[in-house]
1. Assigning unit charges at the beta carbon (Lys, Arg +1; Asp, Glu -1) and nothing else, what dipole magnitude in debye, to the nearest 20, does the stretch B:22-222 show about its Cα centre?
2. I'd like the per residue volume of the convex hull spanned by the Cα atoms of the stretch B:1-127, given in cubic angstrom.
3. Taking every pair of alpha-carbon atoms in the stretch B:22-222, what share in percent sits in each 10 Å bin, from 0 to the bin with the longest distance?
4. Is chain A rounded, prolate or oblate when judged by the Cα gyration tensor, a ≥ b ≥ c being the square roots of its eigenvalues, rounded requiring a/c under 1.5 and prolate requiring a/b larger than b/c?
5. Choose one of B:SER200, B:ALA136, B:VAL154: the residue whose Cα lies farthest towards the positive end of the charge dipole of the stretch B:22-222 (beta-carbon charges +1 Lys, Arg; -1 Asp, Glu; about the Cα centre).
6. For A:THR140, enumerate residues with amide H under 5 Å from its amide H, sequence gap 5+ or separate chain, H modeled in the peptide plane.
7. Work out from phi, with θ = phi - 60° and the Karplus expression 6.51 cos²θ - 1.76 cosθ + 1.60, the ³J(HN,Hα) of each residue of the stretch A:278-291, listed in order in whole Hz, and give x for Gly and Pro.
8. Could you list the GluC sites (Glu not before Pro) in the stretch A:67-141 that lie in coil according to DSSP, counting only those with at most 11 other Cβ atoms within 10 Å of their Cβ?
Amino acid sequence: MRRTLCSAAGLLLGSMTVLAADTIVFGAAISITGKTAKEGEYTRDGYQFAVDKINELGGIKVGGKTYRVELKYYDDETKPERTAQLIEKLINEDKVNLILGPYGSSPTGTAAPIVERYKIPMVEANGSAEAIFSKGYKYTFMILSPAKNYLRGVIDTILAKDPSVKTVAILGENEAFSKEVAGGAADFAKEKGLDVVYYELYPTNAQDVSALLTAIKGKNPHIILGSGHLQDSLLIVKQAKDLGVSPRAMGFSVGPSSPEFRANLGKAADYVFGATQWTEVLKYNGEDAWKTPKAFGDAFRSKHPNYKIVPYQVAESAVAVIAYQKAIEKAGTIEPTKVRDSLAALDIMTFYGRIKFDSRGVNVYKPMAAEQYQPDGNKYTVWPFDVAEKPALYPMPPWDKR
Amino acid sequence: MSGAELGQIAVNATLLSGILALVALGFSLVWGIMNIVNLSHGAFIVIGAYLTYWMHELWNVDPFLSVPVSMAVLFGLGYFLQRSLINQIIRAPLLATFLLTFGLEILIVNLLNFFFKADTRSVMTPYSGTGFTIGAVRVPYIRLGALGVSTVLVLLLGAFLTRSRLGRAIRGTGMDIDAARLTGVKAPTIYALTFAIGASLAGAAGSLLSMVVPFDPNLGGGYTERAFVICVLGGLGNVVNVLIGAAVYSVVEVFVGSRLPALSQAVTFGILVILLVVRPQGIAGKSFN
């Protein structure tokens, strides 16, 4: 509650200083309420953390002049059409300098044409559906690994543990991002010689997946992969346990990376694999203020003690602001089209990994990692193997033998 | 489709329909008697879910035992809201009731967001995820228990409305408020009681749902929609209609959901549209009889 008040106060201060010269204002529409409210909170906290850090270190230096930075955001209520309206408002009424992305692929998809129209760049940290980037937009940049790569780390981990797995069932939320994750996972599984025995998309806001799990149970697959959001992953594990659906391994695109996964599921969270963009144990050495994932995690936690684990959404949101900082410094101006060109040419190493965009604006240069909750109650990075904290536990014991 | 799968689908649909009947029951009662489509119904459900969650979290109260507490708290809240707010617009045009109850929903959801954050919660008990097996068909205990509680509450409400003096007064008020007044029924009290009973049933549904699905403050909207569809499918009028609506809805959701999940909502609403064309009296807004 205190944090909400603080950020409300911050917002107020932010809007008061908008008119002051020498301030670069980043505008964003973020889902503070609605389905992805939690992820929206991570996004907001990540942006704000990086903004505060830049100010603490003196701001951004542009051609002899130093700019302070501010974040101005509105709640898009997890409604993509609302995101688009708010981006227009931020650009037209609030006159923000640059745009940071919303949470989620659908809102990012509706924001992209707006920033294109006004020729103001948007670095987005939380919309990884590549569909957004197939339209030839020049002002939108994706800082994270694209959706179709999400479950590769999980599939690789399982195959490394057990080359005898043959069959996989994939269920995904029928929504831009999750659909691409599911499709990418199916393609990658086939490429690796697996047989995709079940592939279905379920509607957004599903409250019951027992019907799908019943159909999957009949196919008896070795692996079950889910691509949705936190609530979907919780529901699938919960109902798989209810219905006694016990594959050799389960993995999700989104969910297990968030601390709430185990808080909600307890021991049922054990052995489940999760895809992640970033974890605190990865071995990157960046040219930003924090340099390493661990240093970033520690710094964030000291400011936000309520976070036990720093979710990757926080890191990727923070690094979006850092990408802007580096691009502005290299451009030597805050003129939006120049900043855009500077972003397109950016190639830096950060605590989050390498930031470099392909011709579409997608960061294809950073790999995905995989994590697993283990019975000691902790979550470990289990892939890539060279930086794994612990070996992956496999297979998942059947529900009735735990 | 194998026999085992068909059996599992039938069991899933039965278990789901019990909870959904309870979700729709209070909504149907308020709509039928007071002619108010209560868009804040889902928010009451979420309050029920949080009550159960916190009682389990803080004092380790078994979630099934917290159902009566949820019902009592929401009964009080419903009574208060009706007397203070809903009563102001009881004879106003439909739009005013939509606006008020919609506003109430937003207020409650945002208050919950403020106090409890957007964190996703689940109530996990030692018996969560356990169940028994008949042949190849699995029956989870929690869902079975939820079906049991729902059935008892549905039967109790049915008996209350038909057998008790107060229940008859409620139905009488729904049929003809002026006639009811002439016979000495205090309409404001009856309305407040009706709304309170509707809210308390939502509270019970929330308590049960907290064990079945992970939730956050935004859970409710989807259940208001489901309650609406079930009421329209079954038709207002009496408890049996709600049961029929919930059963039809559950069979469609579970059956289509297992074959063509991406289409399950399209099919459900498609059936709704067809029904409205073929049997428009389903939506006639008849009072309890």
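1. With Lys and Arg at +1 and Asp and Glu at -1, about 540 debye.
2. Value for the stretch B:1-127: 157 Å³ per residue.
3. With a bin width of 10 Å, the distribution comes to 9, 34, 32, 18, 6, 1.
4. Verdict is prolate for chain A.
5. Value: B:VAL154.
6. A:MET122
7. Once rounded to whole Hz, the list reads 6, 9, 6, 9, 4, 9, 9, 10, x, 9, 9, 5, 9, 6.
8. A:GLU93
Rule-based calculations on the coordinates, nothing more; no lab input. Predicted, not measured: the structure shown is a model, and the values here were computed from it. For neighbour counting, all protein chains shown are included, and Cβ atoms are generated from backbone atoms with ideal geometry for every residue, glycine included.
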